[in-house]
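Below is a structure I'd like to ask you about.
Rule-based calculations on the coordinates, nothing more; no lab input. Since the structure is predicted, the reported quantities are computational estimates derived from the model, not experimental observations. Reconstructed Cβ throughout: ideal geometry from the backbone, glycine too, with neighbour counts over all protein chains shown.
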Amino acid sequence: MLVGPYLSIERLRKQFGDFAALKDVSLDVMSGEFVCFLGPSGCGKTTLLRAIAGLDVQTSGRIMQGGRDISNLPASQRDFGIVFQSYALFPNLNVASNVGYGLVSRRLPRAQIAARVTELLKLVGLPEEAAKYPAQLSGGQQQRVALARALALSPGLLLLDEPLSALDARVRAYLRLEIRRLHQRLGVTTIMVTHDQEEALTMADRIVVMNEGVIEQIGTPLEVYRHPASAFVADFVGTTNFLAAQVVGDGLVRFGGLSLHCEFDSGPQPGQQITLAIRPEDLVVRNVSAGAANTAEVKVTHIEFLGSFCRVSLGLGEQPAALLADFSINVVRDLAISQGQTLLISLPPDRIRVFPGAPQLL
Amino acid sequence: MDRDDLLMRAGICLLIGWLLLTLILPLWWLLSKSFQNQNGEFIGLANYLRYFSTPSLFASVWNSLFIAVLTTAIVLPLAFVYAYALQRSCMRFKGLFQALALIPILAPSLLPAISLIYLFGNQGFLKDWMFGVSVYGPFGIVVSQVFYCFPHALMILLAALSLADSRLYEAADALGASKTRVFLTVTLPGAKYGLISAGFVIFTLVITDFGIAKVIGGRFNVLATDIFKQVIGQQNFEMGAVVGFVLLIPAVVAFAADRILQGRQVALLSARAVPLVPKPAARRDWALLVFCTLVGGMIFIVLAMAAWASLVTRWPYNLTLTLNNYAFGEFDSDGWAAYWHSVQLAAWTAIIGTAVVFVGAYLLEKTRAFAAGRVIAQFMAMLPMAVPGLVLGLAYIFFFNAKGNPFGFLYGTMAILVINSLTHFYTVSHLTASTALKQLDHEFEAVSASLKVSLLRTMTRVTLPVCLPAVLDISIYLFVNAMTTVSAVIFLYSTDTKLAAIAIVNMDEAGFTAPAAAMAMTIVATSASVKIAHVLLTRRLERRTQGWRRR
């Protein structure tokens, strides 16, 4: 067994002229782990993936894979399989030839190649399609062929570059499970780049949230969602209300006309500007008693019906949409919430995150 | 750095070296020659001063510009309406009209000039129509140029009008725009860049063409014939070099302007566009049919006239048909050998050229890193488009004849003609290859690297097969152009390598117009057969190896 991380990235930097796409990024990936690089376009996630693959060489920094320094190795001498958003299947070769493309160059006996191709196609659930050409397959099927091709040489590392972005929502949800299942079965260390938070939350063991060339947070999906390390993460992953507030005392802040208790360490001093973050689903509307701590009287200004829940805009004082709240259909029905109504809500202290500085428009 | 990377760098360096040797250095020699006297001493701008102060020489600049602008002004609207009829109407016989209009591309530029001489020349049977104006001169040149440039402009405009988003038209209709307004606000802007490009192409073709002015120009001097006169007639190479550079200026300006304007072009057609399918409109379709019949009819008459002239015993006294004019040995010392030289040249240019162009474009499109080399090579590959054939040919004389040039042995051989033709037609071939390569997924090379497969294998196993139609297009383009070109090779042929198109010039000069027409028809027939073979072969190959394209 390997001791320590399987893949280790140390102070990786990538410069395009004056623009730094990666600013001294460091990261460890354990053997068998499924890691997602999540971030908006231009955050450097794809650049990082391509540096790991050796397709775009980093400006400085070190990459270790399986105890070997691969920083300066060309892609062809590294050990990885890769799947692209565009599938990049060879259009003039049929499915079997695509999957066996790397095997043929290994000069393996023909029968062995055929057996391996069959095995791989079975693995991705396409045993019947070996003779077809890529253009004859659906997008989802093509991506599974690409996956089989990437796994053909049993690489130590599987890289997925937005593999699901070109697919329909339904196929995407299905393939999400499929890839996850494959990963559990093969145990291959996997890195997936995505801009889709839902994909990252459902698939990853750990998420690496990136923004403007730096890593904002590394953590399990639950950690990233529950305890975002920065306002950026809170905003990018899920929906968050950002409130401009001022520290008035220990664990006490002032927001609008309200005094709110929240949990923060002694960092911010009284008088300092801070940002409160609370998720719409964390606003409580049931069993709130008037006069209790962290309660507020708000007015329903708009209700957006979203199927299993409603997103409700709440007006506070002069502000017509100071807060967004997600109320389940149950709550809406039970409390007969309707537009123009006045509600008493509470903002639970343990659900409020505090970030330094005034809120920025993200 | 792995093997593929080294190969790539070496390849790009080779490509740069090749273009340096076949394009940049010869042009440099030409430029320096224009600053020297006959003894090879540097005399600064003296040659240029003499050029611009000699009215008889300088007049050619205006003549050339006049002819070029007038031809452009005539061809552009004609070709646009013709292309519009083919792409945006429900006119009948579209296939026939398209084929007819594109035939002249297979002919040397000399052919329409010869036809016009038969129609309107001193013994032409429509001479009375000319009201005493001589066909030898600007009139003959412009009419011949119109015929010669029409298919080139048509091809660009056909492409520009080929695709349109029908939803733009539906939106315009829904907003109550009149037909004229829709045309002015939707159709025309969509074809704007095609029109600009076609305009520049016509302008450059006319200003650099040598054959037409030579055959039908009479005493009307243009830049292209001036070079020829200075170099061949007066053996004044230095003045030839000066005229060459003067000729280079409008061509380079037109080329640069076109590139800049094309750079502004944004894709009007997104992937989600709904292609426009023309709907029948009786009055428009009939009007366009009449127009195309007139234009197509004239093209047919010019072609038929040349064909007939080549078969007539002695114009205009004995009109019985004969094949005697095809016995070229009677009229020109080289006889049929000139024709076979041309076929040889065309075949070699097509074979070697396609390989060089495709590998070159592959290196530039499909590999990464080595940015400096890439930029230089890309620039060099675009340059030949701006260099007139005559100038390139002249530059070759200077460069390959220069004392101490280790490649001097090439002079006077078939090889130099092949190299010259390939360089002359490099840009269009390169663009065709680049476009085809750009359409492939950008990650094929990355996938290959991850699968430990060499670039070379992926190129032969995937890239080349997928690009096969483009490869065939390139080879046919090189073949036809090498077969028909006059300007690039007129300075470079030797007695052993005289070409068919040059035989036309020589025979015409010697007064053997009918055999000249016969040779022109032979070239057309050859190009046409090769083109037809190409179409059939492409279809077969597509059926056999491109099966994957069908769903």
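With a 10 Å Cβ neighbour count serving as the proxy for reagent exposure, in which order, fewest first, do B:463, A:342 appear? Please report the intermediate quantities before stating the final value.
Details: B:463 22, A:342 10.
Starting with the residue having the fewest Cβ neighbours, the order is A:342, B:463.
Which of the trypsin sites (Lys or Arg not before Pro) across the stretch A:284-333 are loop residues per DSSP, with 15 or fewer other Cβ within 10 Å? Mind showing how you got there, number by number?
Details: sites: A:286, A:299, A:311, A:333; in loops: A:286.
Qualifying residues, ordered by number: A:286.
Extending each Cα 7 Å along its Cβ direction at residue B:219 and residue A:115, get the distance between those two points in nm, one decimal.
It is 9.2 nm.
If you project the alpha carbons of the stretch B:349-470 onto the principal axes, what extent comes out on each, in Å, largest first?
Computed over the Cα atoms, the extents are 52, 29, 25 Å.
In µm²/s, what is D for the stretch B:420-492 at 10 °C and 1.306 mPa s, where D = kT/(6 pi eta Rh) by Stokes-Einstein and Rh is the Kirkwood radius from Cα pairs?
Using the Kirkwood radius from Cα pairs, D works out to 113 µm²/s.
Can you compute the FRET efficiency between residue A:220 and residue A:122 using 1/(1 + (r/R0)^6), with r the Cβ-Cβ distance and R0 = 51 Å? Round to the nearest 0.05.
With a Förster radius of 51 Å, E is 0.95.
Longest span of chain A, sites excluded, free of GluC sites (Glu not before Pro) in DSSP loop with at most 16 other C-beta atoms within 10 Å? Display every interim value, and only then the final one.
Values: sites that count: A:128, A:212, A:263, A:318.
By the stated rule (loop sites, at most 16 other Cβ atoms within 10 Å), A:1-127.
For the stretch A:246-362, what log10 I(q)/I(0) values come out of the Debye formula at q = 0.10, 0.12, 0.15 1/Å, with one point per alpha carbon and no solvent?
Once normalised to I(0) and log-transformed, intensities are -0.31, -0.44, -0.68.
Here is a further query. Starting from the Cα of residue A:14, draw a straight line to each of the lysines and keep only those under 20 Å, dropping any in the same chain fewer than 8 residues away.
Straight-line reach from residue A:14, under 20 Å: A:23, A:45.
I'd like the projected area of the stretch B:122-271, averaged over all directions, using the convex hull of its alpha carbons. Report it in nm² with one decimal.
Working: hull surface 52.3 nm².
Over every viewing direction, the Cα hull of the stretch B:122-271 projects on average to 13.1 nm².
I want the local charge near residue B:197. Using Cβ-Cβ distances under 13 Å, sum +1 for each Lys or Arg and -1 for each Asp or Glu among the other residues. List each step's numbers first, then the result.
Details: positive: B:192, B:259, B:264; negative: B:258.
Result for the local shell: +2.
Another question, if that's okay. For chain B: lysine pairs with Cα atoms under 16 Å, gap of 8 or more or different chains, count? Intermediate results must be reported in sequence, preceding the final value.
On the way: B:33/B:403; B:94/B:279; B:179/B:279; B:214/B:229; B:366/B:438.
Total qualifying Lys-Lys pairs in chain B comes to 5.
Which distance in nm do the two modelled labels at residue B:454 and residue A:69 give, with both placed 7 Å along the Cα-to-Cβ direction?
2.9
With only alpha-carbon pairs counted, each pair once and no self-pairs, how large is the Kirkwood hydrodynamic radius of chain B in angstroms?
Details: mean 1/r = 0.0398 Å⁻¹.
By the Kirkwood definition, the hydrodynamic radius is 25.1 Å.
Where Lys and Arg each count +1 and Asp and Glu each count -1, what net charge lies around residue B:514 among other residues with Cβ under 13 Å from its Cβ?
Working: positive: B:314; negative: B:330, B:332, B:508.
Computed value for this residue: -2.
Under 1.5 on a/c is rounded, so check that first for the stretch A:106-166, then, if it is not, pick prolate when a/b is larger than b/c and oblate when it is not; a ≥ b ≥ c are the square roots of the alpha carbon gyration tensor eigenvalues. List each step's numbers first, then the result.
Numbers: a/c = 2.32, a/b = 1.26, b/c = 1.85.
Here the stretch A:106-166 falls in the oblate category.
Please list the three semi-axes, largest first and in whole Å, of the ellipsoid equivalent to chain A, using sqrt of 5 times the eigenvalues of its alpha carbon gyration tensor. Present the calculation step by step, with values, prior to reporting the outcome.
Details: eigenvalues 440, 129, 47 Å².
Semi-axes, largest first: 47, 25, 15 Å.
Please give the Cα centre distance for the stretch A:75-123 versus the stretch B:456-509, rounded to the nearest Å.
Result: 40 Å between the Cα centres.
If I model a spin label as a point 7 Å beyond the Cα along the Cα-Cβ vector, how far apart are those points for residue B:533 and residue B:159 in nm?
Using points 7 Å along Cα→Cβ, the separation is 2.6 nm.
While we're on this one: Considering all projection directions equally, how large on average is the shadow of the alpha-carbon convex hull of the stretch B:64-120, in square nanometres?
Working: hull surface 20.8 nm².
The orientation-averaged projected area of the Cα hull of the stretch B:64-120 comes to 5.2 nm².
Still on this structure, please answer the following. Based on the Cβ-Cβ distance of residue B:298 and residue B:323, what FRET efficiency does E = 1/(1 + (r/R0)^6) give at R0 = 35 Å, to the nearest 0.05? Provide the component values of the computation, followed by the final result.
Numbers: r = 27 Å, r/R0 = 0.78.
For R0 = 35 Å, the calculated efficiency reads 0.80.
Further, regarding this structure: Can you give the Rg/Rh ratio of the stretch A:56-137, where Rg is from the C-alpha atoms and Rh is the Kirkwood radius?
Values: Rg = 16.0 Å, Rh = 15.0 Å.
Using Cα coordinates only, the ratio equals 1.07.
For residue A:239 and residue B:171, what does the FRET efficiency come to when R0 = 35 Å and r is the distance between their Cβ atoms, rounded to the nearest 0.05? Spell out each step's value before the answer.
Working: r = 35 Å, r/R0 = 1.01.
Efficiency at R0 = 35 Å is approximately 0.50.
Quickly estimate the mean residue ellipticity at 222 nm for the protein assembly as shown, helices only: each DSSP H run with n ≥ 4 gives -39500 (n - 2.57), and the total goes over all residues, rounded to 500. Kindly include the intermediate steps, with their values, before the conclusion.
Values: 34 runs with 451 residues, N = 913.
So the helix-based figure for the protein assembly as shown works out to -15500 deg cm²/dmol.
If each residue of separation counts as 0.36 nm, what is the full-extension length gain between residue A:286 and residue A:305 once their alpha-carbon separation is subtracted?
On the way: separation 19, 0.36 × 19 = 6.84 nm, distance 1.93 nm.
Once the chain is fully extended between residue A:286 and residue A:305, it gains 4.9 nm.
Hey, another quick one. Restricting attention to the alpha-carbon atoms of the protein assembly as shown, what are Rg (one decimal) and Dmax (integer), both in Å?
According to the Cα coordinates of the protein assembly as shown, Rg and Dmax are 36.1, 120 Å.
Could you compute Rg(Cα) / (2.2 N^0.38 Å) for the stretch B:390-540, with N its residue count? Display every interim value, and only then the final one.
Values: Rg = 20.0 Å, N = 151, 2.2 N^0.38 = 14.8 Å.
With N residues counted in the stretch B:390-540, Rg over 2.2 N^0.38 Å equals 1.35.
Cα centroids of the stretch B:59-121 and the stretch A:212-252: how far apart, whole angstrom?
Comparing the Cα centres of the stretch B:59-121 and the stretch A:212-252, I get a distance of 69 Å.
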